Every structure is written in C-alpha cells, then in structure tokens.
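Inspection log for the structure reproduced underneath, given as structure tokens.
Read the figures in this text as sums done on the coordinates, not as results from a lab. Because the structure is a prediction, the values reported are computed rather than measured. Cβ atoms come from the backbone with ideal geometry, glycine included; neighbour counts cover every protein chain shown.
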Amino acid sequence: MKKYVVKFSFWGAALYLLSCSNNNTGTTNSAATNSTDSAVHAAIDKTKEDTTAAASHDFILTAARKGLGEVAMAKLAQTNGGSKAVKEYGKMLEKDYSISNKKLLAIATAENITLPATVTDEQTTNITRLQNLKGNNFDKEFIPVVIENHTQDMVEFKKIIEGNNSQKVKDFAADMLPMLQTHLDKAKALHAAVK
C-alpha cells in the first residue's frame, strides 16, 4: 500500500509540474523547463529512496520473524528429534540463526526499526504441529518443513540482493546465502537418511 501511495504521489506531482511548465504561450522558458526537469528528477529520486526504504523495512521485519521461528524449530529438533543427526542439525540451526538474528537486530537498530517478537503464521502452525511429535515421527515431519523454508528463503534472499534495497540489507542477505545453502544441503542429506 505504501508503494502505491508513494508512486501515486510522485506521478501526481510530476504531472502537475509538467502541466505548469506547458502553460506557456508557445515560447520556451529555458529556466522554467530546467526548474521543472530538476523538480521531476528530485521527485523520482525521492520515490526511489522511499521504495528502497519500504522494501528494506519489509524484508527486515519478515527476516526477523522467520529467524525467530527457525530458532524455535531448532530447539524443538534438539528436544523432540529422534536421531542424533537431527538433534545436531537443530543445534547448528539454533547457533547460526541466533548469530544472524543479532546481525539483523544491529541493522534494524541502525535503521530505527523495531523488530517483531513473534514468528510467522506459517511457522506457528508448523511449530504447533511439531511440538506434539517425538522421535522418528518428528524427524519425518521436521526435515521437509526445513527444506521448504530454506528453499523459499534462498529465492527471497536472492531477490533482495538483486532488488531495490539498502546496501546494508543487500549485504546481510548476501552474507546469509552460504549459511542458507549449507542448511538446505544438510537438510536434504538428512531427508535421504530419515526413513
């Protein structure tokens, strides 16, 4: 919604400025044209800044919620997991996401963004379902969830790197990609081992 308001405001301002500059009676006023061009370029730059800030803000909030959810699921893997490999995987997830959540907090603090204290709705559903499972039953349900989450995250983080986001957010996403890939690869290996 914010993006549409910003875009609408920009285009409305641009059209107004252009209509004002076209009110001359056939003579071209170079100073007025340059002034209008400068105003349009300033409005475009402002719109780009607003869009970048909004995209970065949204990503930070979503990544924070997902990070909290990954830590919660990692703790469940350590307590409810059936195999030693799943429990170790849970330890790795908890450690890695705790570190990345701290990095994200530093970015959010610098950007004056308050991070949410809740996980995503999808993670809430998965956590609730997984809490009631133990042993091999837990492992069979947990690993596919982790694979799906990390596959989605890889796609999203790549979009963030390529998209219109602040450099800090792009750097964070780029730093996270190798970790996400490692988690995904290990989850796939676990999936093959869990019968």
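Order these peptides, 182-193, 64-75, by their mean beta-carbon neighbour count within 10 angstrom, highest first.
64-75, 182-193
Any idea how far apart residue 102 and residue 147 come out in nm if each label point goes 7 Å out from Cα toward Cβ?
3.2
Show me, for region 83-90, the HN-Hα J-couplings you get by feeding each phi into the Karplus relation (A = 6.51, B = -1.76, C = 1.60, θ = phi - 60°), rounded to Hz, glycine and proline as x.
Result, ordered by residue: 9, 4, 4, 5, 5, 5, 4, x Hz.
Treat each spin label as a single point 7 Å out from the Cα along the C-beta direction, and report the residue 124 to residue 193 distance in nm.
Once both label points are built, they end up 3.4 nm from each other.
Just in region 124-180: which trypsin sites (Lys or Arg not before Pro) are loop by DSSP and have at most 16 other Cβ atoms within 10 Å?
Qualifying residues, ordered by number: 134.
Report the full-extension gain for the segment residue 110 to residue 161: residue separation times 0.36 nm, less the Cα-Cα distance, to one decimal in nm.
Difference between extended and current length: 16.4 nm.
Express the C-alpha Rg of region 51-193 as a ratio against the empirical globular expectation 2.2 N^0.38 Å, rounded to two decimals.
1.05
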